[in-house]
Amino acid sequence: MPQQNVAVIGAGPKAAAIAAKAYCLQQEGKEISVTVFERSEVGANWSGRHGYTDGIQRLCTPAERDLGFPYLPTFGSDVAALMQERFSWNAYLVSQVDAGARYADWVNRGRRPPTHADFSAYLDFAFKRAITMPAIGRVTKLIRDGAMWKVRQIDAATKDVLEFPDFHGVVFTGPGPASRKPPQVKDLRVLSGVDFWSNLARVRKVIEGLKDNPIIIIGGGGTAAAITAWFIRQGFHDQPIVLLNNQAMLFTRTTNFFENSLFDDEETWLALKPDDRTDFTRRLNRGVVWETVTQLLTDARNLTLVPGTATQIRHGATPKRGKADLEVEYGNQKGTHTMTAGLVVDATGFDPWAFEALLPDDMRLEVAPANTKALMRDMRSDLSIPLDDWPRIHLPNLADALGPGFGSLMVLGAMADRILQPYYDLA
């Protein structure tokens, strides 16, 4: 059978899991090639050098839920065993310069989740072991070439426009750019859940001159909570902080056997009604805050939760000296309100549909906003959208209908199995 070629956009944990599993399948004689395309570097969204995090925060997911978890025998027990031997979190720790001492230290300290920067280093380790280092540069277009895909990329070093042909399928990964849902002014005091972490020095400087104007953080999920927690950890205990979201609370995620097991129990998941699946995903995956962060915020006496949905971030009155005030307009059951702010962070989330801009124009018509719900509901078992006239496009971040863990770090191994299954059958 001919070699099967798969392109993956983004060199994060999903790409690492797919590349690692493909490597293990290659050792079993399967001709599956994975090419990864990345704008900057491996694990960029986790390293602390490109936004999304400062790299110091700890991963919310346990380290044992690594690139191969849950190590299902989808392609046979030998492949699952090789995956654990070569690409598990334990294998990474043992491979370090201090070898077993690093692993022992992790165990002795209670098997704590790694920091985001450590997780980024683990991903780099996996790519190197899989002999699949990414092509660095910005992907600008997918081009249909008969029954195959061609990927167009601007090389980061040379700025040349390159085209990579002959892909049977393409996988889009990553959270997407900041959504910036409420309309907002361009102002250095207005930041997103992405660029906040790249501008911490600016944030500190702005706070020095805030006086009584509060810091307003918009959002109620993990990103908003992590940013709020950063202010608390940095000792900003006197500056008013407002967390504005439409629920006036933070849903807390704790370690619970029944909840954890549902992430990798596909039979039980598919037995749930669609509405129950949606509720579970919203409560425990998208808009959830881990218990360790909630506990920190509970002791913050300068933190206020305000119910409402932000509708605009704008400039307000200009004092006699200084810049114009920032104002956040928001609405709730009691009407429309305005708060003055000294610093605003829009942490309302990311745009998982940003990949649409890379698709051919006629394909974009088929994945238009009016069709997105149906595409997600009817997604194929290999996490690809159900468009039979096109080569495969896999969207694990939007595969909630098939399982709550495919869009997160909870079941990276099962996610890779699903995506590679059709290529395994043909290789």
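The values are calculated or read from the model by the stated rules, or taken from the named source; none is laboratory data. These numbers come from a predicted model, not from an experiment. Positions of Cβ are backbone-derived with ideal geometry, glycine not excepted, and every protein chain shown enters the neighbour counts. Only protein heavy atoms, including side chains, enter the accessible area calculation; ligands, DNA and RNA are left aside. Shrake-Rupley method; radii C 1.70, N 1.55, O 1.52, S 1.80 Å.
Key figures for this structure:
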| read-out | value |
| --- | --- |
| Filtered residues of the stretch 199-238 (kept if in contact with an Asp or Glu (Cβ under 9 Å, 6 or more places away or on another chain) and more than 17 Å from T294 (Cβ to Cβ)) | L200, N213, I218 |
| Only one of L359, L305, L343 that is in contact (Cβ under 8 Å) with a residue 60 or more places away in the chain, in contact with a helix residue (DSSP H, G or I) (Cβ under 6 Å, 6 or more places away or on another chain) and within 23 Å of A178 (Cα to Cα) | L343 |
| Options A201, A157; residue that is more than 21 Å from H394 (Cα to Cα), out of contact with any helix residue (DSSP H, G or I) (no Cβ under 8 Å at 6 or more places or on another chain) and assigned to a loop (DSSP other than H, G, I, E, B) | A157 |
| Enumeration of residues in the stretch 330-351 that are surrounded by 18 or more Cβ atoms within 10 Å (Cβ to Cβ) and not polar (S, T, N, Q) | Y330, M339, A341, G342, L343, V344, V345, D346, A347, G349, F350 |
| Answer from G43, G29, G55 - the residue that is more than 16 Å from the chain's Cα centre (by Cα) and on the phi > 0 side of the Ramachandran plot | G29 |
| Residue in the stretch 172-185 that is assigned to a strand (DSSP E or B) and among the hydrophobic types (A, V, I, L, M, F, W, C) present | yes |
| Residue pairs meeting the criteria (Cβ under 9 Å; at least 6 apart or on separate chains; first closer than 19 Å to R65 by Cα, in the stretch 259-275; second among the hydroxyl-bearing types (S, T, Y) and exposed (fewer than 15 other Cβ atoms within 10 Å of the Cβ)) | S261/T268; L262/T268 |
| Selected residue (only one of P134, P114, P73 is within 23 Å of the chain's Cα centre (by Cα) and farther than 20 Å from V171 by Cβ) | P114 |
| Residue check for L409: in a helix (DSSP H, G or I), aliphatic (A, V, I, L, M) and at pLDDT below 95 | no |
| Considering residues of the stretch 355-376 that are open to solvent by less than 40 Å² (accessible area, probe 1.4 Å), at pLDDT 90 or above and under 20 Å from the mean Cα position of the chain (by Cα) only, the residue farthest from I9 (Cα to Cα) | E356 |
| Among the candidates M379, M415, residue that is open to solvent by less than 10 Å² (accessible area, probe 1.4 Å), within 25 Å of M148 (Cα to Cα) and not in a strand (DSSP E or B) | M415 |
| For G235: the one exception among (1) surrounded by fewer than 14 Cβ atoms within 10 Å (Cβ to Cβ); (2) at pLDDT below 85; (3) not in a helix (DSSP H, G or I) | (2) |
| Search result, residues across the stretch 196-215 that are in contact (Cβ under 8 Å) with a residue 40 or more places away in the chain, under 22 Å from Q57 (Cα atoms) and surrounded by 15 or more Cβ atoms within 10 Å (Cβ to Cβ) | F196, W197, S198, V203, I207, I215 |
| Scope the stretch 186-202; condition at pLDDT below 95 and of a type in the set (A, V, I, L, M); matching residues | L188, V194, L200, A201 |
| Members of the stretch 100-121 found to be free of Cβ contacts under 8 Å to residues at least 60 places away in the same chain and assigned to a helix (DSSP H, G or I), listed by number | G100, A101, R102, Y103, A104, D105, W106, V107, N108, D118 |
| Subset of the stretch 391-400 (residues that are part of a loop (DSSP other than H, G, I, E, B) and crowded, with 20+ Cβ neighbours inside 10 Å) | L395, A399, D400 |
| Output for the stretch 133-154, where each listed residue is in a loop (DSSP other than H, G, I, E, B) and surrounded by fewer than 15 Cβ atoms within 10 Å (Cβ to Cβ) | M133, G146, A147 |
| Subset tally (residues that are in a strand (DSSP E or B) and without any contact (Cβ under 8 Å) to a residue 60 or more places away in the chain) for the stretch 160-171 | 4 |
